[in-house]
Amino acid sequence: MKNSSPTELGQNKPHKPSQDFIDALNQVFALFKLNYHNQFYKAYSNTEELNAAKRLWVDALRTFAPTTLLKAAKAIMQGSEFLPTLRTMIRHCEELDQEALPDAHSAYIEACRAPSPKANYHWSHLAIYYAGKACDWYFLQNNTEQTAFPVFKTEYERVCAQIRAGLILETPVKAALPQSSAKALDKESNQSRLAALKDSLDL
């Protein structure tokens, strides 16, 4: 089994939250302010309290993608009349991530059943491809589920965690298909070759 470096998987986001993340979080608070007007001002009565809350939310939510934050906020507003707590926000973000990423066992089954070349297969999520590649395809194909699945699960969860931290997976370069066999000779050419062969054998 071999480990894939971040550069093999895609592009890693710096440890510091990106500007896109900060913008998304500010949009979340703006949406909550508009939707839960009185509750919002009661919870964050001044700028100092609001900024302190934002710093807390940045630390707790930094593993989620900016789009996940916005989707979670909209889902909360559609389903609740109450200003959400940070725990509620985290739960909605986690649920959205779980919907987007297959569970580990389903991912394992797909990795084992996908035909070669693996890079050409239409994966339900690229995380499965990179987890399988990290495990080594030969290892997955030639070991029992009891042996292989725990290894795959560890790699898959590692890739999923990197995705939640902002990793952008690159589509693998498709493998070139084998060249077709030489063009079959026409009837006349075959007869000529057969005649030459007979001559060489004095037939």
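The values are calculated or read from the model by the stated rules, or taken from the named source; none is laboratory data. Computed from a prediction, not measured in an experiment: that's the story for all the values here. No Cβ is skipped: glycine too gets one built from the backbone with ideal geometry, and neighbour counts run over all protein chains shown.
For L69, are the conditions met, namely being surrounded by 19 or more Cβ atoms within 10 Å (Cβ to Cβ), in the same structural domain as A53 (by TED's automatic domain parsing) and either at positive phi or not small (G, A, S) (or both)? Yes, satisfied. Taking each residue of segment 37-59 that is in contact (Cβ under 8 Å) with a residue 24 or more places away in the chain and looking for partners that are part of a helix (DSSP H, G or I) with beta-carbon atoms closer than 7 Å, six or more apart or interchain, yields F40/F32; F40/K33; K54/L25; K54/F29; L56/L86; W57/L25; W57/L86; V58/L25.
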